[in-house]
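Before any comments, here is the structure.
Just so you know, all these numbers are worked out from the coordinates, no wet-lab data involved. Here the structure is a predicted model, which means the values were calculated and not measured. Note: ideal-geometry Cβ built from the backbone for every residue, glycine included; neighbour counts use all protein chains shown.
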Amino acid sequence: MMTITSAIIGDIALITGLTWQARGEEEGFSGIGYGNYSCGRFLQVVDDERKVRPPFTASGAYYTGEYAAFQSYAAGFLSGANWAKLEYVGPADASFAGEMVWLEDYCREHPLDNYVRAVMNLRKALATKERR
């Protein structure tokens, strides 16, 4: 029962997100879970991750649960958007490290944006990159 409920909630979040993207920011959108956090909060988590990460860490290795949660949110959102559109738009490699750097750069420029907006813009950037 819990799995069905989670799937329904996930579908609603995805549909709402795609509707927001189609209609525009002026009508508003609120992500679920880590998507509700601001880019500023994400940047705090990035700083915390860097403090505990040993030098020469392998790409894709994470040392704080919150950083891994932000990464998982982004990967899950992209996967859901791919499923909804029946097309693959995704990272260059499985580590997702380059995409996390992209999200960090976006959030440094837009610290008040919600994290979900950053992830939506990442998907747009990946789609444009893959079409070249």
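Evaluated at q = 0.16 Å⁻¹, the base-10 log of the normalised Debye intensity for the range 28-125, with identical point scatterers placed on the Cα atoms, takes the values -0.64. Take every Cα pair under 8 Å whose residues are at least 6 apart in sequence, average their separation, divide by the length of the range 33-130, and the relative contact order is 45 percent.
Gain on full extension, evaluated as 0.36 nm per residue between Ser72 and Asn121 minus their Cα-Cα distance, stands at 16.0 nm. Converting phi to 3J(HN,Hα) with the Karplus coefficients 6.51, -1.76 and 1.60 and the offset θ = phi - 60°, the range 62-75 yields 10, 10, 10, x, 5, 5, 4, 5, 5, 5, 5, 4, 4, 5 Hz in sequence order, with x at every glycine or proline.
Reported to two decimal places, what Rg/Rh ratio describes the range 47-101 when computed on Cα atoms with Rh from the Kirkwood expression? We get a ratio of 1.04 for the range 47-101. Each label was represented as a point 7 Å from its Cα along the Cα-to-Cβ direction; for Leu43 and Arg108 these points are 0.9 nm apart.
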